[in-house]
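Contents: one structure, followed by commentary.
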Amino acid sequence: MANATAIAPPDTDQSSAKHDDRLILAMENDQTRQPTETVKPWKILVVDDESEVHSVTRLALEDFSFAGRGLEFIDVYSGAEAKQKIKENPDTAIILLDVVMETDDAGLEVARYVRQELGNHFVRIILRTGQPGMAPERRVLKVYDINDYRAKTELTQSRMFTVIYTALSSYRDLIALARSRHRLVGLVNELEQFAHVATTDLQDPLKDLIGQIQLFQRSQKDKLDEEATKQLDDMWQSSLRLQNVVNDLLTVANIGGENETRTITDCEAVIDEACEGLRQMIDSSQARITRDPMPKVFANRRQLVQLFQNLISNAIKFQPGDNPQVHISVTTRGRDWVFTVTDKGIGIPPENLDNVFRLFYKYHENQQYEGTGIGLAICEKVVRWHGGKIWVDSTPGKGSSFFFTLPLSE
């Protein structure tokens, strides 16, 4: 079965006329029509085994124009022929489809072929039947992804204009949306590729630099005065911070990559793994991590570990004094799990709440709080990749609660 994304959006007119939704009849206002030789007409596939139906359809729509473009009719008289024609004309906008032709369900088989085998979900399918009992409306609309269902006796000339106008408007908007999404996905992929290449190309020179500094420190430690030793140590510390930034950027770039998959994931085990990765931090601060019973979710385990690890480490880091406390809770809301990671730390000023998930943003400039300013940006991207949302509620001096949602597993 073909995937719907395999079908590229058919070409549509890019002129200013495409935004004109007026339905124009030549007999009413010939002067407003656009020259048909300069724009491609909308393709209408008329599928019916009765020649009279083809003639009546052409007659009813002969003066129709939408967005400055007329209609091009493609006449076919069987389901088998219809399959071939739609394959040859992927830019078909509308299929006017009869049900009963060479077989009682020939039209429905065409609809199934278009949606499932070709993966074409752009074309608007309007079912026209002279025998409504052969294709129950509710079942047909749901199972075969039909956009409109009409008895042939319903489609008077005025009604036909309305049906075609609505279908073309929908088709045009779907094509525009698909193109915008395609451009956006391309831009995001380019940015992620750039970030990945930039960070990987920086890793080796940084490792060499750090290694050379360490080698120089060891070989010259007896020859350097106190000031030179301090400057060399500062250089080494700055190199390590830069290396952390590069590693975090690489993490951001890799989220949602081609090899990232989702499975049913136990959040109990995920939080245990996240805490184990923070064992030194938790033990040295004597932090107390508590949690409610956790659910299983449909998620990428590695990313979920990273998410909890970042939120827990932040909660520990921004709690002054001994024995910081972090509590993880969960509830449901609609079709989502809502997780909360709560601390009793220094909190976040209200003016900074809208910016905390920005890349490189540090909402506390105090030098005692180390970090690259990328951790929460990683959290935001992980949650967004899973189809959820993340936000924070905080009171300075009393603590913060970070909330994020994940879809309920089926």
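Only protein heavy atoms count here; under a 1.4 Å probe, His54 has an accessible surface of about 10 Å². When nucleic acids and ligands are ignored and a 1.4 Å probe is applied, Ile264 ends up with an accessible area of around 100 Å². Inter-label distance, Ser285 to Asn244: 1.3 nm, where each label sits 7 Å from its Cα along the C-beta direction. Note on exposure: Glu154, Glu88 ranked by accessible area (1.4 Å probe, complete protein assembly) read Glu88, Glu154, with the most exposed listed first.
Taking amide H positions as modeled 1.01 Å from N, with prolines and chain starts lacking one, the residues under 5 Å from Gly70 and 5 or more places away or on another chain are Trp42.
DSSP assigns beta bridges within the range 279-365; of those with both partners inside it, close to 65 percent run antiparallel. The lysines whose alpha-carbon is closer than 20 Å to the alpha-carbon of Lys230, local same-chain residues fewer than 8 away aside, are Lys221. Computing FRET efficiency as 1/(1 + (r/R0)^6) for Gln237 and Asp272, where r is the C-beta to C-beta distance and R0 is 30 Å, gives about 0.40. Beyond 22 Å in Cα-Cα separation lie the following of the pairs Lys296/Lys344; Lys40/Lys142; Lys317/Lys398: Lys296/Lys344; Lys40/Lys142.
Working from label points 7 Å from Cα in the Cα-to-Cβ sense, the Ser55 to Lys152 distance is 1.3 nm.
Per-residue surface analysis assigns Thr166 an accessible area of about 80 Å², computed on protein heavy atoms at 1.4 Å probe radius. Find how many whole Å separate the alpha carbon centroid of the range 40-60 from the alpha carbon centroid of the range 299-344. Centre-to-centre (Cα) distance: 61 Å. The listed peptides 110-118, 228-236, ordered by packing as a protection proxy, come out as 110-118, 228-236 (highest mean of other Cβ atoms within 10 Å first).
For Arg124, nonlocal amide neighbours, meaning residues 5 or more places apart or on other chains whose placed amide H falls under 5 Å from its own, are Ile94, Ile95.
The values are calculated or read from the model by the stated rules, or taken from the named source; none is laboratory data. It should be emphasised that the depicted structure is a prediction, and the values quoted were computed from it without experimental measurement. Positions of Cβ are backbone-derived with ideal geometry, glycine not excepted, and every protein chain shown enters the neighbour counts. To get the accessible areas, we keep the full protein, side chains included, count just its heavy atoms, and leave off ligands, DNA and RNA. Shrake-Rupley method; radii C 1.70, N 1.55, O 1.52, S 1.80 Å.
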